[in-house]
Amino acid sequence: MKTNRNGQALVLSTSELDLLIEELPGGVHTVLASVCRRTGCRISEARQLKWENIFPGGITFPKGITKTLESRTIPIFENLYDLLMDWKKQQELIKGEQLSPGAWVFVGRFGDKPITRQAHGKQLQKTIKRLGLRGVSTHSYRRSALTSASSKGLPLKAIQTLSGHKSLAVLSRYLEVSEQERMNVAQAFA
């Protein structure tokens, strides 16, 4: 469990993620958390997205914003795309003009740069404190997404193509194994 920036971020269940995102301040924080949750991306990748990176059916994380310096495209479903398009409409109403393809999806408080990791992190910390959760950080979105895919029995190689990890060994450090999964393995021993 993560404590004082040490250790691994807590993996949350679907219902815990639902509650957490519902309890975050609306707008930028809710949409940003939803992108991280539904794509398994890092907060630093999501916050630097531009509207040109989002299209029906996918989000491309360009090589300049990824940790591995390689671009990757992640399929998204209609509900996330619709959430993003609603967010765009809200931003256009506030601004009074259409957003350019090169505009930030998650604008910071001064309007010329993307939101910072720290700004979202502060709101997240306030929310988890109010909910009584411990060990949660912005990385919990990513670990939860990847662990959820793994626990559904999806091939690690397929998960790796979306997570952007260079190796299966690195990916496997992100994944949490439940006690039930351990029991299932023990039961399968010959």
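The values are calculated or read from the model by the stated rules, or taken from the named source; none is laboratory data. Keep in mind that what you see is a predicted model, and the values were worked out from it rather than measured. In this analysis, Cβ positions are derived from the backbone assuming ideal geometry, glycine residues included, and neighbour counts consider all displayed protein chains.
Can you tell me which residues in the stretch 131-172 are among the basic types (Lys, Arg), farther than 18 Å from CYS36 by Cα and touching a residue at least 24 places away in the same chain (Cβ under 8 Å)?
ARG134, LYS166
If you take the residues in the stretch 134-182 that are out of contact with any helix residue (DSSP H, G or I) (no Cβ under 7 Å at 6 or more places or on another chain) and of a type in the set (A, V, I, L, M, F, W, C), which one is farthest from GLU70 (Cα to Cα)?
VAL177
Does ILE115 count as without any contact (Cβ under 8 Å) to a residue 60 or more places away in the chain, touching a Gly at 6+ places or on another chain (Cβ under 7 Å) and of a type in the set (A, V, I, L, M)?
For ILE115, the condition - without any contact (Cβ under 8 Å) to a residue 60 or more places away in the chain, touching a Gly at 6+ places or on another chain (Cβ under 7 Å) and of a type in the set (A, V, I, L, M) - is not met.
crowded, with 17+ Cβ neighbours inside 10 Å, free of Cβ contacts under 8 Å to residues at least 60 places away in the same chain, at negative phi and under 17 Å from the mean Cα position of the chain (by Cα), is that true of LEU124?
So LEU124 fails the test.
Quick one: is ARG47 among the basic types (Lys, Arg), at pLDDT 95 or above and under 16 Å from LEU146 (Cα atoms)?
For ARG47, the condition - among the basic types (Lys, Arg), at pLDDT 95 or above and under 16 Å from LEU146 (Cα atoms) - is not met.
When you check HIS120 against the structure, is it at pLDDT below 90 and touching a Phe, Trp or Tyr at 6+ places or on another chain (Cβ under 9 Å), yes or no?
no
Which one is nearest to VAL170 (Cα to Cα), of the residues in the stretch 32-90 that are among the basic types (Lys, Arg) and touching a His at 6+ places or on another chain (Cβ under 9 Å)?
Here the answer is ARG42.
Could you run through the stretch 34-74 and say how many residues are touching a Gly at 6+ places or on another chain (Cβ under 9 Å) and free of Cβ contacts under 8 Å to residues at least 24 places away in the same chain?
Of the residues in the stretch 34-74, 3 are touching a Gly at 6+ places or on another chain (Cβ under 9 Å) and free of Cβ contacts under 8 Å to residues at least 24 places away in the same chain.
When you go through ARG173, ARG143, ARG109 one by one, which is the residue that is basic (Lys, Arg) and either within 15 Å of CYS41 (Cβ to Cβ) or modelled with pLDDT of 95 or more (or both)?
Unique residue meeting the criteria: ARG143.
Of all the helices (runs of 4 or more DSSP H) wholly in the stretch 129-190, which have at least 2 residues that are surrounded by 12 or more Cβ atoms within 10 Å (Cβ to Cβ)?
In the stretch 129-190, 139-151, 156-163, 168-174 are the helices (runs of 4 or more DSSP H) which contain 2 or more residues that are surrounded by 12 or more Cβ atoms within 10 Å (Cβ to Cβ).
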